[in-house]
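Working notes, beginning with the structure itself.
The values are calculated or read from the model by the stated rules, or taken from the named source; none is laboratory data. Quick caveat, the model's predicted, so the values are computed rather than measured. Please note: Cβ atoms are built from the backbone with ideal geometry, for glycine as well, and neighbour counts cover all protein chains shown. Heads up: the accessible areas ignore ligands, DNA and RNA and are worked out on the full protein's heavy atoms, side chains in. Shrake-Rupley method; radii C 1.70, N 1.55, O 1.52, S 1.80 Å.
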Amino acid sequence: MTPGEMEMVEVFTSEGKGRGLKAAKEFWAGDVIFAEPAYAAVVFDSLTHLVCHTCFKRQEKLHRCGQCKFAHYCDRTCQKDAWLNHKHECSAIKAHGKAPNENIRLAARIMWRIEREGGGLTEGCLVSIDDLQNHVENFGEEEKKELRADVESFLNFWPPQSQQFGMQYISHIFGVINCNGFTLSDQRGLQAVGVGVFPNLCLVNHDCWPNCTVIFNNGNHEAVRSMFHTQMRIELRALGKISPGEELTVSYVDFLNVSEERRQQLQKQYYFDCTCEHCQKGIKDDLMLAVKEGENKPSQDVVKEVLQFSKDTMEKINKARSEGVYHEVVKLCRECLKKQEPVLGDTNIYLLRILSIASEVLSYLQMFEEASGYAKRMVDGYMKIYHPNNAQLGMAVMRAGVTHWHASLIEAGHSMICKAYAILLVTHGPTHPITKDLEVMRVQSEMELRMFQQNEFMYYKMREAALKNQKIQVMPEPTNEAPSGLFHTKQ
């Protein structure tokens, strides 16, 4: 955080929540309130050879560290930028014989930085690592057992020549990681690839209907002159008008759950009871649990039966997805929708979850016509539930727009791509890689729409010829990840 950005926010004691941040000036939708580089960050264990350890971008070819053979980088620039944080890690991995898990690696990176700079306030930080909450006292038996195992693994990895820390302090660092580790995504925002700690972000309290969003930006060093390079960082962006003195809030969990489920998730993961207006009043719960109205209104027993069937089907779907049996996923979705459609309302979250999976998997299988129908219904439901500038809504509308374009439904596709672009301009900003991709799609679909309106027959002929001459664009393989919370928790 720059000195200028530090003047835009103020640390204060938020009633019932502890410390918080409030605006010191007026902000408007899309404004970056502050940007913050990671205090420390690591790539997930499963992706260490596929993702750059400096900027967290997925790349086809990565350069491997010649010393430890573990760290991978885009190029010499990323490798050089990483050396300060990788130097001790590199020799420790060589001495240990192998790299430990991501939690141990992140704790070690934090400790080496504390060894260099001390645990107090560092430049650009509003709060020190020492002062962050660890919630160790709230841990259950299973969590305490995991903590003890992590501390033991850490001590086995930590070099004897480095500064030695007490057990209580090491436990504090693991506690901080457990409840404050922020999930980092690749440059397209399609996959979670790592975890980092951002102290200033930790001061921003939760609200289920927040006035800010947090976006990860991988940075850019493609410019020839290094003065134009930007570093990997998170950005806290305003979702609408924020007045001076107003508390800045973000949502730690996906809103697409009824208030009781969100509160349980927040208590389990972050150890607090949510008292936001949407939870206290159950706002939008009626939409999320909607059932068919009118003459054919189903009985409570029928609704209960369909909801249980939906939950059981979701378990089967998750199993089939994890095994990559996508045709089985489609079959399960179709069966579930047949049961749900006469009973559940258009905004019911159990229906929307199945529509989302069906449209994503069918798109991957190139069955775009059927996928587009499900995607349209999903987006219509999401628009009634989510905040109009919600980042997940923007991404969902973008995917639906691309699916419609693939299905040759150019008018609906262009409309959705434009809607998604408007949302992502606020949530991600105009220079983010995802927004740039979307701008290219918007221009292309607008050009195609004009052609379609002028001569429909010629449009389809030219589109057919163009698709024959180019490799068909395959949609990304569906992931088995549910929308994650804001902060990463160890699986």
In segment 229-248, residue modelled with the lowest pLDDT [restricted to those that are open to solvent by less than 10 Å² (accessible area, probe 1.4 Å) and among the β-branched types (Val, Ile, Thr)]: ILE234
Touching a Lys or Arg at 6+ places or on another chain (Cβ under 7 Å) and surrounded by 15 or more Cβ atoms within 10 Å (Cβ to Cβ), is that true of ASN180? no
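Results for (1) open to solvent by less than 20 Å² (accessible area, probe 1.4 Å); (2) in contact (Cβ under 8 Å) with a residue 12 or more places away in the chain; (3) more than 27 Å from CYS274 (Cα to Cα), shown as yes or no for each residue.
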position	(1), (2), (3)
THR2	no, yes, yes
SER14	yes, yes, no
LEU21	yes, yes, no
ALA41	yes, yes, yes
ASP45	no, yes, yes
LEU62	no, yes, yes
LYS69	no, no, yes
LYS80	no, no, yes
LYS87	no, no, yes
Where the second residue is in a helix (DSSP H, G or I) and surrounded by 18 or more Cβ atoms within 10 Å (Cβ to Cβ) and the first is modelled with pLDDT under 95 and lies in segment 374-390, which pairs have Cβ atoms under 9 Å and are six or more apart or on separate chains? none
Residue satisfying all of: in segment 390-413; open to solvent by 10 Å² or more (accessible area, probe 1.4 Å) and under 15 Å from the mean Cα position of the chain (by Cα); farthest from LEU438 (Cα to Cα) among these: ASN390
Exclusive hit being within 27 Å of MET232 (Cβ to Cβ) and modelled with pLDDT under 95, set MET451, MET447, MET462, MET395: MET395
Test GLU15 against the stated conditions and say whether it is over 21 Å from ARG233 (Cα atoms), of a type outside the set (A, V, I, L, M, F, W, C), at pLDDT 95 or above and over 25 Å from the mean Cα position of the chain (by Cα). no
Would you confirm, using the coordinates I've provided, whether ARG334 is of a type outside the set (Ser, Thr, Tyr), outside any loop (DSSP other than H, G, I, E, B), farther than 30 Å from GLY240 by Cα and touching a Pro at 6+ places or on another chain (Cβ under 9 Å)? no
Among the hydroxyl-bearing types (Ser, Thr, Tyr), at pLDDT below 95 and open to solvent by 30 Å² or more (accessible area, probe 1.4 Å), is that true of THR431? yes
Identify the single condition in (1) part of a loop (DSSP other than H, G, I, E, B); (2) more than 22 Å from the chain's Cα centre (by Cα); (3) at pLDDT 95 or above that GLU305 does not satisfy, given that it satisfies every other one. (1)
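For (1) within 16 Å of LEU236 (Cβ to Cβ); (2) of a type in the set (D, E, K, R); (3) in a helix (DSSP H, G or I), each residue gets a yes or a no:
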| position | (1), (2), (3) |
| --- | --- |
| VAL11 | yes, no, no |
| ARG19 | yes, yes, no |
| LYS25 | yes, yes, no |
| ALA35 | yes, no, no |
| VAL42 | no, no, no |
| THR54 | no, no, no |
Lone unmet requirement of (1) in contact (Cβ under 8 Å) with a residue 60 or more places away in the chain; (2) open to solvent by 60 Å² or more (accessible area, probe 1.4 Å); (3) assigned to a loop (DSSP other than H, G, I, E, B) for ALA95: (3)
Given the criteria among the basic types (Lys, Arg), closer than 28 Å to TYR459 by Cβ and either open to solvent by 10 Å² or more (accessible area, probe 1.4 Å) or in contact (Cβ under 8 Å) with a residue 40 or more places away in the chain (or both), does LYS331 qualify? no
Working only within segment 153-164, note down all residues that are open to solvent by 40 Å² or more (accessible area, probe 1.4 Å) and touching a His at 6+ places or on another chain (Cβ under 9 Å). ASN156
Out of SER171, SER162, I need the residue that is modelled with pLDDT of 90 or more, assigned to a loop (DSSP other than H, G, I, E, B) and among the small types (Gly, Ala, Ser). Which one? SER162
Scan segment 251-266 for residues that are of a type in the set (D, E, K, R), within 20 Å of GLY381 (Cα to Cα) and buried (at least 17 other Cβ atoms within 10 Å of the Cβ) and jot them down. ASP254, ARG262
What residue, of LYS80, LYS98, LYS69, is out of contact with any Asp or Glu (no Cβ under 9 Å at 6 or more places or on another chain) and on the phi > 0 side of the Ramachandran plot? LYS69
Leading residue by the ranking (farthest from ARG353 (Cα to Cα)) among those in segment 267-293 that are assigned to a loop (DSSP other than H, G, I, E, B) and open to solvent by 90 Å² or more (accessible area, probe 1.4 Å): ASP273
Top-ranked residue of segment 337-355 - restricted to ones that are farther than 17 Å from ASP301 by Cα and assigned to a helix (DSSP H, G or I), ranked as most open to solvent (accessible area, probe 1.4 Å): LYS338
Matching residues, segment 360-377, being under 22 Å from the mean Cα position of the chain (by Cα) and open to solvent by 10 Å² or more (accessible area, probe 1.4 Å): GLU360, TYR364
Condition check: under 23 Å from ILE357 (Cα atoms) and polar (S, T, N, Q). Does ASN296 satisfy that? no
Using beta carbons and a limit of 8 Å, which pairs, at least six apart or on different chains, have the first residue in segment 137-162 and more than 14 Å from PHE174 (Cβ to Cβ) and the second one assigned to a helix (DSSP H, G or I) and among the aromatic types (Phe, Trp, Tyr)? SER162/TRP112
